[in-house]
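Everything on this sheet refers to the single structure shown next.
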Amino acid sequence: MYLNRLNVREQIPNIITVIRILSIAPICWLLWREAYALALGLLVVAGLSDALDGFLARRYGWLTRLGAILDPVADKLFVVSVFIVFGLQGTLSWWLVCLVLGRDVVIVLGAIACRLLRGRLEMRPLMISKLNTGLQIFLLAMTLLHVALYPLPEWFNQGLQWAVAVTTCLSGIAYVILWGRYAFQRSDS
């Protein structure tokens, strides 16, 4: 009965996102095994699938609540997983990996607290958060390039890691301030 009401076409972007989530483990395994060419290939396919599911959802109006949750979760799982692999390999500094993970934990705990206090939560990414995510992805791409194909200058690697660290801190602080205000606003406002 539920399946009759469910438009299967509307679920295509969600199916693509779930496949992207399932590809995280093989990509991380390939990175761990230093099979960088295969890992890069899968990462490119994952990136294209991210663009495809977003395009389909917007173009055909196949926007679902599940998709609004799954897509950023998939992106975050990818970034965090690859950060952890590069941290374990010693390719990225552990302090940076911990900072990135810590920010995400703070954001998740803040969201939970805000939801509990207010009974609802509207999640919209902040501009600093978008910049941070973009820099994190760029850092991971450059790190893969560095270990797989072309060693990059140390100053470049360090500078990029510091840029990610600064935007990670600023993004975390911005969310704490925003959700703190939101959580403690008067209910009648």
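Each value in this text was obtained by applying a stated rule to the coordinates, not by laboratory testing. Bear in mind the structure is a predicted one, so any value in this text is a computation, not a measurement. Glycine also receives a Cβ, built like all others from the backbone with ideal geometry; neighbour counts cover every protein chain displayed.
Which whole number of Å³ per residue matches the convex hull of the alpha-carbon atoms in region 1-80? If you can, show how the numbers build up before the last one.
On the way: hull volume 6.8 nm³, N = 80.
Taking the convex hull of the Cα positions in region 1-80, it is 85 Å³ per residue.
Counting Cα-Cα pairs of the chain in 10 Å increments starting at 0 gives whole-percent bin shares of 8, 30, 33, 21, 7, 1, 0. For the chain, the membrane-span-like helix rule (DSSP H, alpha carbon extent of at least 24 Å along the helix axis, mean Kyte-Doolittle at least -1.0) picks out 36-60, 65-89, 94-118, 127-148, 154-183; this says nothing about an actual membrane. When its C-alpha radius of gyration is set against 2.2 N^0.38 Å (N residues), region 39-114 gives a value of 1.33.
When 98, 28, 169, 114 are arranged by Cβ crowding within 10 Å, least crowded first, meaning fewest neighbours, the order is 98, 169, 28, 114. Round to a whole angstrom and tell me the spacing of the C-alpha centers of region 119-171 and region 97-118. Using only Cα atoms to place each centre, the spacing works out to 18 Å.
Taking 20 Å as the cut-off, the amide N atoms of region 157-172 that come nearer than this to a point 7 Å along the Cα-to-beta-carbon line of residue 127 belong to 163-172.
For the chain, what is the mean residue ellipticity at 222 nm derived from helices alone (per DSSP H run of n ≥ 4: -39500 (n - 2.57); sum divided by total residues; nearest 500 deg cm²/dmol)? Before the final figure, lay out the partial values.
Details: 8 runs with 151 residues, N = 189.
Calculated from helices alone, the mean residue ellipticity at 222 nm is -27500 deg cm²/dmol.
Basic side chains Lys and Arg get +1 at the Cβ, acidic Asp and Glu get -1 at the Cβ, and with that the dipole of region 1-80 about its Cα centre reaches some 240 debye. Rounded, prolate or oblate for region 70-115? Axes are the square roots of the Cα gyration tensor eigenvalues, ordered a ≥ b ≥ c, and the cut-off for rounded is a/c under 1.5. Cα axes put region 70-115 in the oblate bin. Stretching the chain fully between residue 69 and residue 117 yields a gain of 15.2 nm (0.36 nm per residue, less the alpha carbon separation).
When a/c is below 1.5 the answer is rounded, else prolate if a/b is larger than b/c, else oblate, so apply that to region 86-189 with a ≥ b ≥ c taken from the square roots of the Cα gyration tensor eigenvalues. Don't skip to the end; give the middle numbers.
On the way: a/c = 3.37, a/b = 2.81, b/c = 1.20.
Prolate.
Summing Cβ point charges (Lys, Arg +1; Asp, Glu -1) relative to the Cα centre of the chain gives a dipole of roughly 700 debye.
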